């Protein structure tokens, strides 16, 4: 899909917010794709992390928010220990999640989880998923 | 010797088989694990946003409890607890500005600056007891048991809290060898089990878990050993579902590190709470001739 890039299309506020929340410089990434190659959840992502970073570099906020990548990321840090440019990608993913969550939008609804699931799950699974996927 | 011990919520309920086996094994090795008074949730996951300090408060409070005891070390077992406590500790030690904000916010607590060391069970065994001494204490060598050491994410990542450098699996290997078992290396030892995504994106989590189990089986392992109740849930408790959905072709038992330790030390199998494991796990140990009494209704 061809996209047009101009100073008008770059969402600078998004970029500033992303870098402030994550503490990462997305322009450090040189698009090697090691992150996606290391990602255990990659096949379930609509776009691999490399592409998300590229879109972030271009300030494509709306397009990034439409993709499921940040919600499928399990913050396992495989990409983080392998990134040759030292980009802490799980922090970038967390920042993208927070931009949605902090507007009071949940990715999962705790009240809608089946009782059986809640009963069998270890507490750490519940706490961790609510921490990462709810506002 | 007494050591401060942070069990965490899951070890007190659904992962008693990790907790009780640890306390009993350590006692047999001459170490008294003293549960931290008034411990609270570790937060389970580390907050990754630069401006989010409120979620650091819980793990820091736990570390303050250790400091209050006059101890300089806290032992943890659950990989997620280890990871979130160790990372909060580094933040308090290395980031002056955030440290001051958090200390000021928790004005009722004593100030904290990362004085306590967060130690994982495996490192404690290696450094404070040593593999040779452990080997000498083994009463029931786990000869002939081929086990894949599974680390998952949180024991090795990020690098600054890794129990050993990412990509090296010597701790568990040496642990297993000290118990008389054979460590079977497989390429998925540090792959993510799907973690908390079992709730948010169950299909993705199941595929991640299936990959790990497949690799372990292909490498010739008879069992998987791990130290995290969430890994155990995704790889152990949910394994039957993976098999039914044909995501894996063969089942493979899972154990906590402390269960194998307790058995090798010749302790009463009751401390292992095998009723919380899959029956295949117990059958495997029985088939090897280890003294395991198993009553499913004992719980």
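Read-outs throughout are calculated quantities, based only on the coordinates presented, and are distinct from any laboratory measurement. Everything numeric in this text was worked out from a predicted model, so none of it was measured. Neighbour counts run over all protein chains shown; Cβ positions are idealised from the backbone, glycine included.
Taking the stretch B:178-285 as the region of interest, the helices (runs of 4 or more DSSP H) fully inside it that hold 2 or more residues being away from chain A (no Cβ under 12 Å) are B:202-218, B:239-244, B:257-264.
Just one of the listed residues (B:240, B:266, B:236) is at positive phi and within 23 Å of the chain's Cα centre (by Cα), and it is B:266. Scoring residue A:68 on the criteria (1) crowded, with 18+ Cβ neighbours inside 10 Å; (2) within 16 Å of residue A:42 (Cα to Cα) leaves a single failure, condition (1).
Might you let me know whether the stretch A:81-103 holds any residue that is within 15 Å of residue B:195 (Cα to Cα) and either more than 8 Å from every other protein chain (Cβ to nearest Cβ) or not in a helix (DSSP H, G or I) (or both)? No: the stretch A:81-103 contains no residue that is within 15 Å of residue B:195 (Cα to Cα) and either more than 8 Å from every other protein chain (Cβ to nearest Cβ) or not in a helix (DSSP H, G or I) (or both). Of the listed requirements (1) out of contact with any strand residue (DSSP E or B) (no Cβ under 7 Å at 6 or more places or on another chain); (2) surrounded by fewer than 21 Cβ atoms within 10 Å (Cβ to Cβ); (3) touching a residue at least 24 places away in the same chain (Cβ under 8 Å), residue B:177 misses just one: (1).
For the criterion of being over 22 Å from residue B:231 (Cα atoms) and either surrounded by 22 or more Cβ atoms within 10 Å (Cβ to Cβ) or at the interface with chain B (Cβ under 8 Å from one of its Cβ atoms) (or both), residue A:52 passes.
Filtering the stretch A:111-127 for residues that are closer than 22 Å to residue B:51 by Cβ and either at the interface with chain B (Cβ under 7 Å from one of its Cβ atoms) or under 16 Å from the mean Cα position of the chain (by Cα) (or both) leaves a non-empty set. For residue B:79, the conditions (1) away from chain A (no Cβ under 13 Å); (2) under 20 Å from the mean Cα position of the chain (by Cα); (3) surrounded by 17 or more Cβ atoms within 10 Å (Cβ to Cβ) all hold with the exception of (1).
Kindly provide the set of residues from the stretch B:8-34 that are surrounded by 23 or more Cβ atoms within 10 Å (Cβ to Cβ) and under 19 Å from residue B:64 (Cβ atoms), ordered by number. Passing the criteria: only B:8.
Do you know which residues across the stretch B:123-156 are over 19 Å from residue B:284 (Cα atoms) and surrounded by 22 or more Cβ atoms within 10 Å (Cβ to Cβ)?
Applying the first criterion (over 19 Å from residue B:284 (Cα atoms)) to the stretch B:123-156 yields B:123-138, B:151-156.
Selection gives B:125, B:151, B:152, B:153, B:154, B:155, B:156.
Considering only the stretch B:129-177, how many residues are more than 10 Å from chain A (Cβ to nearest Cβ), assigned to a loop (DSSP other than H, G, I, E, B) and more than 15 Å from residue B:259 (Cα to Cα)? Adding up the residues that qualify gives 9.
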